[in-house]
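No lab work stands behind these numbers, since they all come straight from the coordinates. A quick note: this is a predicted structure, and the numbers were derived from the prediction, not measured. Using ideal geometry, Cβ is built from the backbone for each residue, glycine included, and neighbour counts are taken over all protein chains shown.
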Amino acid sequence: MPVSHTDFGIYLHWPFCQSKCPYCDFNSHVADAVDQKKWASAFEQEISRLADEVGPRLVKSIYFGGGTPSLMHPDTVDRILLAIRRHFSLKNDVEITLEANPTSVEVGRFIGYRDAGVNRVSMGFQALNDVDLRALGRLHTVASALAALESARTVFDRISFDLIYARQHQSLKSWEDELRMALDLGPTHLSLYQLTIEDGTAFAQRFNAGALRGLPGEDLAVDLFNTTQELCDANGLPAYEVSNHARSGQESVHNQIYWRGGDYLGIGPGAHGRITMNGNRFATTSPKAPGAWLASVLGSGSGEEDRECLSAMEWAEEIVLMGLRTAEGIDLSHIQKLTGKKIDLRQLVGLKDLGLLHQEGDQIRTTLQGRLVLNGVIREVAGLLV
Amino acid sequence: MTQLDLIRNFSIVAHIDHGKSTLADRLIQMTGTVAARDMKAQMLDSMDIERERGITIKANTVRIEYPAKDGKTYILNLIDTPGHVDFAYEVSRSMRAVEGSLLVVDASQGVEAQTLANVYHALDAGHEIVPVLNKIDLPAAEPDRVKQQIEDVIGLDASNAIPISAKSGLGIPDVLEAIVTRLPAPKGDRDAPLKAMLVDSWYDAYLGVVVMVRIMDGVMRRSDRVKMMQTGAAYGIDKLAVLKPQMVDIDELGPGEIGVFTASIKQVRDTRVGDTITHERKPCAEALPGFKPAQPVVFCGLFPVDAADFEPLREAIEKLSLNDASFSTEMETSAALGFGFRCGFLGLLHLEVIRERLEREFDLDLITTAPSVVFKLYMKDGEVRDLHNPADMPDLTYVDHIEEPRIKATILVPDEYLGDILKLCQERRGIQLDLSYAGSRAMAVYDLPLAEVVFDFYDRLKSVTKGYASFDYVISEYREDFLVKMSILVNDEPVDALSMMVHRDRAEARGRSMVEKLKELIPRHMFKIPIQAAIGARVIARETLSAMRKDVTAKCYGGDATRKRKLLDKQKAGKKKMRQFGKVEIPQEAFISALKMDS
């Protein structure tokens, strides 16, 4: 079987956290004791099962997300990466990222992760202000975050960190100062998320009860976004996606696989995957509860549930809704090939006139202003597919 | 057949919630007319809407056998009449079918406007009236005050009013005895040609059209051939019955009796309330007086939310009109709302009842346009046109003048709210005709334009008086006024379904409230949208809906694609419920809320 040339990555979900952050709606669980050997075996088994199914692939990226993957023992990471190497070919410049919390305990494992093959860490700083860190339910402090960054730099070449802004009671000025402080740390990649109140979170409960005060209104949120773009641009870290900034060449290979419509295996509780086989694109899902996933893998030999074959239209919609997030945009000719329907470019005039969309030939991309109202732009463009 | 002196025919006059249906239930129960196991609350209100709202829409009847203290068994026929002004004509006909009324007044509430209107119908019909004070067991009951009020406001002797509690059954035997001793027996000549009044009719899925009649003279027998004097149509009677309240077959109905028949009549439309029924061969000399054909006074458009529901809507409307001669329809097309129907109703309650029945019984989602009255357009060429729909308003240069229907409204209210009521009536172009007091309650009589009442008068009335006012009206006449058509423009595109006829002096206020409402209801777009109210080319109110500034999901990675796509699919489905006006999409919800009629 020839190697497929679709970009290919592997996502591994470690669902455990020491505590649940009030804003987080990711599939994360607080557990006292985790039998890491058992979990490593389950991951190995899933890697083997999926490798048999998808055939030879050249792995561009591996990503340990969570939960808190920096709670994984380096041996667990090592066993998983070994299994991937055994079943797949890895690109020479494969990107292997692990999400880490900036606490000293976790920093102690950095060398172990590097030795296992991890070459990029994404650190959850979230804020550079101790009061706000506590409000966000984080267990670390600014000092420990900075120390963790120092340590990480002695171990890894590629480091990213996350910040959450548009927080409670955050003024434009205070965010500007905080972002400048972040930029002064000389990052090559930054993920900057506006705080979103997600259903099912502790924040959502407080919000619905009217007890989450001081969130920015729309105008301030827009100013915060625009200021973020300006400061990052000025520091050589332009946005390559709504919330992601990087020096040229330091973009996350893994996330670009998602946004560019590549293939990815989703392994672990609640993980989603997209696999293209024989011209069909499949969406895979897994049971969300850690115990259920583990039992399913070890019991029935598969951690997957409800595999769905996307229609051409659904496939095209995903390309639109993921691709328009990025600065590079999407190629409409690619979508037309998928759906077999001609897109009437004249219908984009409205969005172009409003300065939300830029078009060159078949390539369309959102402007910064377009990205601010991306949901509306996506609705309009997706409306043209039919 | 029953001897005339052993028959008593009566109705119950009461305000909503004053206990009419409960009293009827007690009378039925205490005389053993319905076995206890078959009793359900509000026995006579057969429609869900009637039972839920505690209102009666269709006349109902029940024949009760009552062994009185004098040792004789009487036949008591209770006609439960509609209690609402929309059905005033039906009420007046039902009243003509009986000789007496029980006037039920809540002893803790007192006389209400609706009670008054119905008492007047009863007095017009020459009824003997027995006052009944209900809810006497409530701590808040003030029987003496309410008796005084009955005497002051209605002018009835209330000294021998019967105190009862329909809920507990207290005083019910006294009511039964009073019906026999205080109400007159019917009169009639058994040997005269048949003369019967058509009191009501309805469609039954198994029997076809069922006609309720009160025999005035003569005898109606099964297999008789009868003739409707108004329509001229003749039918052979298939089934003759009395209602207990279920149908029980009977061989003949004589003078003073009330019963029903079926006669292979296809449509309720073929039966006119108030018509006189006689024998085809040996007709009576003249018809009963007072017949009036039904005349719709309030019009609105009914449109399916989903355009695909147009056919089901058409079928549903056809079915309902079979059972309701007073409801008129014609097809209507709107740029905003697609295909639908312009429907005419006897009043706002009638409108609401029909709409609710369409939605519930036929499972349809409907958009109702703003209710409008019938304006009379006097054209310069001498022609007079009825305008049912503001969208049909011709160019003003062809119109000489416009007349609108006026009503005589009676409002009863605790006097602390009187000021607010007078202000409200003033705002609505009302002219005060009378103002009087009965105890601590004021009674204001106003001449008002019906168009102002169908807008949101009830809601305002309820809110300014915390629900303590009661209101009733009769249509009085058509009168000229300075009326104009107000259009609504969204992003400079006229939205036909939102245009309305208004008085020139009220146009600014009405336009302002409409554009403000729409600003809240139309979702923001990626551009700003002017919303305007205009008379002709002149803009009288304007709001600007600002552009959406931020609408973006901060995080979207591999695990989020499915969720985001499903959300997009949901929005696509939602788009079907949007109406496009130029570049602007207006959700149907916005029309529904902007046009929300007030009940």
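Computed from Cα atoms, the angle from the helix B:20-30 axis to the main principal axis of chain B rounds to 40 degrees. Ranking of A:248, B:470, B:321 by neighbouring Cβ atoms within 10 Å, starting from the fewest: A:248, B:321, B:470.
DSSP assigns beta bridges within chain A; of those with both partners inside it, close to 40 percent run antiparallel.
Residues whose amide H lies under 5 Å from that of residue B:501, counting only those 5 or more places away or on a different chain, are B:486; hydrogens are built 1.01 Å from N in the peptide plane. Straight-line cross-link reach from residue B:167 at under 23 Å between alpha-carbon atoms covers these lysines, not counting any fewer than eight positions away in the same chain: B:20, B:40, B:135, B:147, B:244.
With a simple spin-label model that places each label point 7 Å from the Cα along the Cα-to-Cβ direction, the separation between residue A:349 and residue B:246 comes to 7.1 nm. The calculated FRET efficiency for residue A:37 paired with residue A:220, based on their beta-carbon distance and R0 = 60 Å, is about 0.75. Charging the Cβ of each Asp and Glu at -1 and of each Lys and Arg at +1, and nothing else, the dipole of the protein assembly as shown about its Cα centre rounds to 1560 debye.
Projecting the Cα atoms of B:594, B:209, B:261 onto the charge dipole of the protein assembly as shown (Cβ charges, centred on the Cα centre) puts B:594 farthest toward the positive pole.
Taking other Cβ atoms within 10 Å as a rough exposure proxy, B:501, B:197 sort from fewest to most as B:501, B:197. Among beta bridges identified by DSSP and lying wholly in the stretch B:60-219, the antiparallel ones come to about 65 percent.
Just how many % of Cα pairs in the stretch A:312-386 lie over 15 Å apart, if you round to the nearest whole percent?
46
Potential lengthening of the chain between residue B:124 and residue B:223 amounts to 32.1 nm, from the contour at 0.36 nm per residue minus the alpha-carbon distance.
Ranked for footprinting exposure by Cβ neighbours inside 10 Å, fewest first, A:281, B:214 give A:281, B:214. Placing unit charges on each Cβ (+1 for Lys and Arg, -1 for Asp and Glu) gives the stretch A:308-356 a dipole about its Cα centre, and among A:319, A:339, A:309 the Cα reaching farthest toward its positive end belongs to A:339. Here the spin labels are modelled as points 7 Å beyond Cα on the Cα-Cβ line, and at residue B:466 and residue B:319 they lie 4.5 nm apart.
Computed 3J(HN,Hα) for the stretch B:276-292, one whole-Hz value per residue from the Karplus formula 6.51 cos²θ - 1.76 cosθ + 1.60 where θ = phi - 60°, is 9, 10, 9, 6, 5, 6, 10, x, 6, 5, 9, 6, 5, x, x, 5, 9, glycine and proline marked x.
Summing Cβ point charges (Lys, Arg +1; Asp, Glu -1) relative to the Cα centre of the stretch A:312-386 gives a dipole of roughly 100 debye.
In terms of Cα to Cα distance under 14 Å, which aspartates and glutamates are near enough to residue A:342, apart from those fewer than 8 places away along the same chain? Those aspartates and glutamates meeting the cut-off are A:331, A:362. Considering only A:160, A:94, A:146, the residue lying farthest towards the positive end of the dipole of the stretch A:8-257 is A:94, judged by Cα position with unit charges set on Cβ. Taking the C-alpha atoms only, the angle from helix B:418-427 to the longest principal axis of chain B is near 60 degrees.
On the beta carbon distance between residue A:362 and residue A:180, with R0 = 45 Å, the FRET formula returns roughly 0.70. Rounded to the nearest 20, the size of the Cβ-charge dipole of the stretch A:106-249 about its Cα centre is 460 debye, with Lys and Arg at +1 and Asp and Glu at -1.
Exceedance of the 26 Å cut-off in Cα-Cα distance is limited, within the set B:292/B:408; B:195/B:319; B:462/B:528; A:341/B:583; A:91/A:337; B:376/B:462, to B:195/B:319; B:462/B:528; A:91/A:337; B:376/B:462. For chain B, the longest principal axis of the Cα atoms and the long axis of helix B:310-322 meet at an angle of about 20 degrees. Annotation: the antiparallel percentage among DSSP beta bridges lying fully within the protein assembly as shown is about 70.
Summarising the label geometry, the points placed 7 Å from Cα in the beta-carbon direction at residue B:592 and residue B:159 lie 5.8 nm from one another.
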